[in-house]
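I have placed the structure first, in the form of structure tokens, so that the comments after it can refer back to it.
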Amino acid sequence: MAAEANPMRSDLGLYDYLPWPNRPKIVWPGNKKIAVWIAPNIEFYEYDPPNNPTRTPWARPNPDVLQYSHRDYGNRAGWQRMMAAMDRAGFRGSVSLNVALCDHHPEIIKACADRGWEFFSHGIYNTRYVYNLDIEQERAIIRDAFETVRKHTGQELAGWLSPALSNNFWTMDILAEAGIQYTCDMFHDDQPMPVKVKSGKLISMPYSLEMNDVIVYNTQKVTPRHYGEIIKRQFDQLYKEGDESGTVMCIPLHPYLVGQPHRIDAFAEAIEYIASHDGVWQTTGREIAEAYHASGAYDAMNAAMSAHNAANATEKGIR
Amino acid sequence: MSMPDNYLEYPARRYGMDHDRYEWSDLFKRKPIAWSNGARIALSIVTHVQHFPLDMPSKPFKAPGALSMPYPDFRYYTNRDYGNRVGIYRVLRLLAEKQLKTSFAINGIIADRYPALVQAVVEGGHEIVAHGLDMGKVHHSGLSEDEENRIIAEALRLLRETSGQKVEGWLSPGRAQGFNTPDLLAKNGVTYSLDWANDDLPYEMRTKVGPIVAMPMAYETDDRVVADEYFQSEADWVQQVKDRFDVLYRESAEYGGRVMSLPLHSWVSGMPYRVEYLREALDYILSHEGVWNAPAGEICAAFRSAG
């Protein structure tokens, strides 16, 4: 009965198809070829979180001290190494922030703010998911995030990555309605793309699963030096393609992983390699979103998708 | 559908940690530690010595390395036991050759089953650390305080009686603890544990009966984790150990003494094809000036007297 009332969908329905060749050209400020942004996930995982029927926070019963302490390493030791490496290569961070961290560790927030880093929201805690929330409850989380980041940093949130990448079908609509400009939750493109929302304008910002150290280290289980290699290769290709139209490369990080002593140097070397190239825009999520609108790319991509849809429909009619 | 209101309430959302065991602290802003002999790095080698019972329970979770084939699992029962019969003696021989004094984290039941093993470790000049009772007895909050206390007391009793050492160090099977574990450990005379993976230096944790020290132990360069969870090669393991050492060594010049931990397993690094990689890792570390090797308990004592 429940399944009939709330059937599963076969499609997200949040974006239209647009082939990679022959898209409208993206021109980045200063005619840079590639926008490179680094998104450290500065997170707080709870010691004794409540359960969510869809996802249990820890594999072991609370307290899962090994996993909890492994995450906590990032906030005691890892973030400093990560930040030093980014400072040396001239990168500001766009912080994917569990906003409760403003309360727990204001010292980390201050160090980021002092460097002009952007804060975007990664929910309240990484152990609180939006699964099974109703829409008003999820709106309360968005309000909390806006208020907390404003209070502690003076910044107005522009970006969003759902906590632990948990989402509901309405999530994108209520983010746009609240004034969020970009989401990092979708991985379907190497360029920013408009998202279909009920109100406002929302951009899907290229984030990345495969450059993300949590995927690299905890899922793919690659070595630190190989991580350095794939960052460089990903950059080389997108840099080359940036001759034709502006590209985006994101490196999502977790200080508890990349900030380990045996991993930091390979990462540091890779981002220094990136920074050593001409035509690289070392930027933030917010700045990319602003440039995407200011350059007309948002409207041009929307128009291109509509045209592609129309052509597709005509062809289907002929068939 | 909706979640109960308290899913959006955050009772521990406050300055610092969301529990009372320890304060938040920034590794790079602490008063630098000067190891007593002027060393830059305290090298803490901890070899796990483990017994995986054939009938180990799978609830509430299995410790890593647990038997995984249908009962009776001849395959992994014997493979893990290989470490106790053969592998550990290769590790001991190499450590003796390098004149290293280290820690061995031993399941208490090993003292009952293989007292000769415990004697060999003691005669090698190493420290015995209690590694719980056996790998089937994981610590978790589903245990009553009495049940958990019995396991801890029994493990310590067996190891203390057999080794003649005080046995003040602790490593839980699977590094798993319940809410009460630090209190019960301290109550039983344990002064430090190796379970928490959140630091590169020792720090103090609160218990109901006084402080206990959390000693650093690397999680992701543990030989078993690299071999058995990441499926990376021995050469990759050595490279990561060297890289880890290099960064800690470099930091020690500016920020004071660091601890380089090297967690080993007798059934992993004690394999014939792996033990020479362990030699390579040790040779690399020991080729540097200012490396002080000591059992974890001595490093813990040095931390306490430095504070």
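Values for this structure:
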read-out: Computed [θ] at 222 nm, deg cm²/dmol, chain B (DSSP H ≥ 4; -39,500 (n - 2.57); rounded to nearest 500); value: -11000 deg cm²/dmol
read-out: Segment A:56-120 and segment A:256-281: distance between their alpha carbon centers, rounded to Å; value: 17 Å
read-out: Vicinal HN-Hα couplings computed from phi for segment A:232-237 (Karplus, 6.51 cos²θ - 1.76 cosθ + 1.60; Hz; Gly/Pro x); value: 5, 5, 4, 4, 3, 5
read-out: Two-site label geometry, A:Glu244 and A:Glu210: point separation in nm, points 7 Å out along Cα→Cβ; value: 1.7 nm
read-out: Among B:Asn84, B:Gly124, B:Asn107 - extreme Cα towards positive end, dipole of chain B, charges at beta-carbon; value: B:Gly124
read-out: Area of B:His126 that stays accessible when all protein chains are in place (1.4 Å probe, Å², to 10); value: 10 Å²
read-out: Cα-Cα over 26 Å, subset of A:Lys221/B:Lys242; A:Lys110/B:Lys29; A:Lys110/A:Lys198; B:Lys137/B:Lys208; A:Lys25/A:Lys201; value: A:Lys110/A:Lys198
read-out: Spatial separation of Cα centroids for segment B:125-166 and segment B:35-103, in angstrom; value: 15 Å
read-out: Charge dipole (debye, nearest 20) of segment B:1-105; +1 at Cβ of Lys and Arg, -1 at Cβ of Asp and Glu; value: 640 debye
read-out: Residues with amide H under 5 Å from that of B:His139, placed H, sequence gap 5 or more; value: B:Ala176
read-out: Volume in Å³ per residue [convex hull over Cα atoms, computed for segment B:1-143]; value: 203 Å³
read-out: Surface/4 of the Cα convex hull for segment A:27-318, nm²; value: 16.3 nm²
read-out: Label-reachable residues, segment B:109-124, where backbone N falls under 19 Å from a point 7 Å from B:Arg150's Cα toward its Cβ; value: B:109-110, B:112
read-out: FRET efficiency, 1/(1 + (r/R0)^6) with R0 60 Å, evaluated for A:Glu290 and B:Tyr82 via beta carbons; value: 0.45
read-out: At 1.002 mPa s and 20 °C, Stokes D of chain B from Kirkwood alpha-carbon radius, µm² per second; value: 107 µm²/s
read-out: Dipole magnitude of chain B about its Cα centre (Cβ charges: Lys, Arg +1; Asp, Glu -1), debye to nearest 20; value: 480 debye
read-out: Mean projection area, nm², convex hull over Cα of segment A:91-204; value: 7.1 nm²
read-out: Extended-chain gain in nm, criterion 0.36 nm per residue less alpha-carbon gap, B:Glu280 and B:Leu8; value: 92.7 nm
read-out: GluC sites (Glu not before Pro) within segment B:278-307: DSSP coil, no more than 11 neighbouring Cβ in 10 Å; value: B:Glu289
read-out: From phi via Karplus (6.51, -1.76, 1.60), per-residue ³J(HN,Hα) for segment B:128-145 in Hz, x at Gly/Pro; value: 8, 10, 7, 10, x, 8, 7, 6, x, 9, 7, 8, 7, 6, x, 7, 6, 4
read-out: Under-5 Å amide H pairs with B:Met205, H placed in peptide plane, nonlocal only; value: B:Ile212, B:Val213, B:Ala214
read-out: Over chain B, relative contact order from alpha-carbon pairs under 8 Å, at least 6 apart, %; value: 27 percent
read-out: Value in Å of the Kirkwood radius, where the protein assembly as shown supplies the Cα pairs that are averaged; value: 26.2 Å
read-out: Solvent-accessible ranking of A:Ile215, A:Ile318, A:Ile288, largest area first, probe 1.4 Å; value: A:Ile318, A:Ile215, A:Ile288
read-out: Estimated vicinal HN-Hα couplings, Hz - segment A:285-290 in sequence order (Karplus 6.51, -1.76, 1.60; Gly, Pro = x); value: x, 4, 5, 5, 4, 5
read-out: Amide H contacts of B:Leu262 (H built 1.01 Å from N, under 5 Å, at least 5 apart or other chain); value: B:Ser44, B:Ile45, B:Val46
read-out: FRET E, pair A:Ala275, B:Val209, Förster distance 60 Å, beta-carbon r, rounded to 0.05; value: 0.70
read-out: Loop-located trypsin sites (Lys or Arg not before Pro) in segment B:264-307, at most 15 other Cβ atoms within 10 Å (DSSP); value: none
read-out: Mean residue ellipticity (222 nm) of chain A, computed from DSSP H runs ≥ 4 via -39,500 (n - 2.57), nearest 500; value: -12500 deg cm²/dmol
read-out: Choice from A:Pro19, A:Pro224, A:Pro192 with maximal GNM fluctuation in chain A (Cα, 10 Å cutoff); value: A:Pro19
read-out: Accessible surface, 1.4 Å probe, highest first, among residues B:His288, B:His48; value: B:His288, B:His48
read-out: Heavy atoms of B:Ser68: accessible area, 1.4 Å probe, square angstrom to 10; value: 80 Å²
read-out: Chain lengthening between A:His188 and A:Asp134 when straightened (0.36 nm per residue, less Cα-Cα); value: 16.8 nm
read-out: Extension gain, B:Arg113 back to B:Tyr89 (0.36 nm per residue minus Cα-Cα distance, nm); value: 7.0 nm
read-out: Exposure ranking of B:Phe245, B:Phe61 by accessible area [1.4 Å probe, largest first]; value: B:Phe61, B:Phe245
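The values are calculated or read from the model by the stated rules, or taken from the named source; none is laboratory data. As the structure is a computational prediction, the values presented were derived from the model and not from experiment. When we count neighbours, we look across all protein chains shown, and the Cβ atoms used for this are built from the backbone with ideal geometry, even at glycine. Just so you know, the surface numbers come from the protein's heavy atoms only, side chains and all, with ligands and any DNA or RNA stripped out. Shrake-Rupley method; radii C 1.70, N 1.55, O 1.52, S 1.80 Å.
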